[in-house]
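What follows is a set of notes on a single structure, which appears directly below.
Since every read-out is calculated from the coordinates, none of them should be taken as a lab result. Keep in mind the model is a prediction, meaning the values are calculated, not measured. Using ideal geometry, Cβ is built from the backbone for each residue, glycine included, and neighbour counts are taken over all protein chains shown.
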Amino acid sequence: MLLPNILLTGTPGVGKTTLDKELASRSGLKYINVGDLAKEGQLYDGYDEEYDCPILDEDRVVDELENQMKEGGVIVDYHGCDFFPECWFHIVFVLRTDSHILYKRLEIRDYNEKKLYDNIHCEIFQILYEEVMASYKEEIVHQLASNKPEDLEDNVNQILKWIEQWQKDNNASLTTTDMLTDSSVPTS
Ligand code: DAT
């Protein structure tokens, strides 16, 4: 059975991990947090002193994910998107949070002041949304509000519905194509 690959992106703190975990448990799709993957495999290429964090080795992350993405059924979560092959994803969701709400969520994280303010600016100037629009076809990109708990429930339901429809469309066409190309089926 074919399953879609989904990219969930947005500024740190918008609620990607929260939504992904909920989605993964209710859809059966596999959830990959690129930050955790990089940490586990030490997929880094130096250290950024200014932001006080390791620099992601994007090529190694892509190599690491390649096989799973080919199989399908993966939800990828990361606050960046321009280094993934465009063909990996069937749909891209960009979570958006009002800056005053995001500020409250980020100020309790152990970020230095520059990192905190840069992330708020990133959201205000919709940097991630622009990056997504420059990297993927407009028709597969969707913005989702992620301010309050009801948004989480709405977003989960909307994405689950999309997954269900995608499976119906793609697995139905697979069956039809298989039947048409199956040499054991008499042609006359
Ligand atoms: P991210 O993975 O994008 O960094 P997160 O999932 O860790 O974000 O969420 C950051 C915080 O915000 C966390 O305390 C949970 C909370 N949160 C996430 N989605 C929310 C929503 N729709 N309504 C209220 N709080 C939310």
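Of all trypsin sites (Lys or Arg not before Pro) in the range 84-179, which ones are in loop regions per DSSP and have a Cβ with at most 10 other Cβ atoms within 10 Å? Before the final figure, lay out each step's value.
On the way: sites: Arg96, Lys104, Arg105, Arg109, Lys114, Lys115, Lys137, Lys161, Lys168; in loops: Arg109, Lys137.
Those satisfying the criteria are Lys137.
Only Lys, Arg, Asp and Glu count, each charged at its Cβ (+1, +1, -1, -1), so figure out the dipole size of the range 1-112 about its Cα centre, rounded to 20 debye.
Charge dipole, the range 1-112, about its Cα centre: 780 debye, nearest 20.
Express as a percent, rounded to the nearest 5, the fraction of DSSP beta bridges in the range 27-179 (both residues included) that run antiparallel.
Details: 3 of 12 bridges.
Restricted to the range 27-179, the bridges split so that about 25 percent are antiparallel.
Would you kindly state how much longer the chain becomes between Met1 and Ala24 on full extension, computed as 0.36 nm times their sequence separation minus their alpha carbon distance, in nm to one decimal?
Stretched out fully, the Met1 to Ala24 stretch lengthens by 6.6 nm.
Assuming 0.36 nm per residue, please report the length gained on full extension of the stretch Ala145 to Ile127 beyond their Cα-Cα distance.
Value of the extension gain: 4.9 nm.
Rounded, prolate or oblate for the range 81-163? Axes are the square roots of the Cα gyration tensor eigenvalues, ordered a ≥ b ≥ c, and the cut-off for rounded is a/c under 1.5. Don't skip to the answer; put the middle values down first.
Working: a/c = 2.46, a/b = 1.34, b/c = 1.83.
Oblate, because a/c is 1.5 or more while a/b does not exceed b/c.
At most 14 other Cβ atoms within 10 Å and a DSSP loop assignment: could you name the chymotrypsin sites (Phe, Trp or Tyr not before Pro) in the range 124-161 that fit?
Working: sites: Phe125, Tyr129, Tyr136; in loops: Phe125, Tyr136.
For chymotrypsin sites (Phe, Trp or Tyr not before Pro) across the range 124-161 that sit outside H, G, I, E and B with at most 14 neighbouring Cβ atoms in 10 Å, the list reads Phe125.
Here are some pairs, Lys115/Lys148; Lys39/Lys70; Lys104/Lys161; Lys30/Lys137; which of them have Cα atoms lying more than 29 Å apart in this structure?
Lys104/Lys161
Normalised by the number of residues in the range 1-102, what is the relative contact order in percent for Cα pairs under 8 Å and 6+ residues apart?
Details: 141 pairs, mean separation 51.0, N = 102.
Result for the range 1-102 is 50 percent.
Using Cα-Cα distances under 8 Å and only pairs 6 or more residues apart, what relative contact order does the chain have, in percent? Kindly include the intermediate steps, with their values, before the conclusion.
Numbers: 239 pairs, mean separation 58.8, N = 188.
31 percent.
In terms of the Cα gyration tensor, with a ≥ b ≥ c the square roots of its eigenvalues, is the range 26-101 rounded because a/c is under 1.5, prolate because a/b exceeds b/c, or oblate?
In terms of gyration-tensor shape, oblate.
Test of the criteria: in the range 1-63, which GluC sites (Glu not before Pro) are in a DSSP loop and have at most 15 other Cβ atoms within 10 angstrom of their Cβ?
The qualifying sites are Glu49, Glu50.
Taking H placed 1.01 Å from N in the peptide plane, check which residues at least 5 places from Gln143 or on another chain put their amide H under 5 Å from its amide H.
The answer is Val94.
According to the Kirkwood expression over distinct Cα-Cα pairs, how big is the hydrodynamic radius of the chain, in Å?
Averaging 1/r across every pair of different Cα atoms and inverting gives 18.0 Å.
Compute the FRET efficiency between Arg60 and Asp98 as 1/(1 + (r/R0)^6), taking r as their Cβ-Cβ distance and R0 = 45 Å, and round to the nearest 0.05.
Working: r = 35 Å, r/R0 = 0.78.
Result of the calculation: an efficiency of 0.80.
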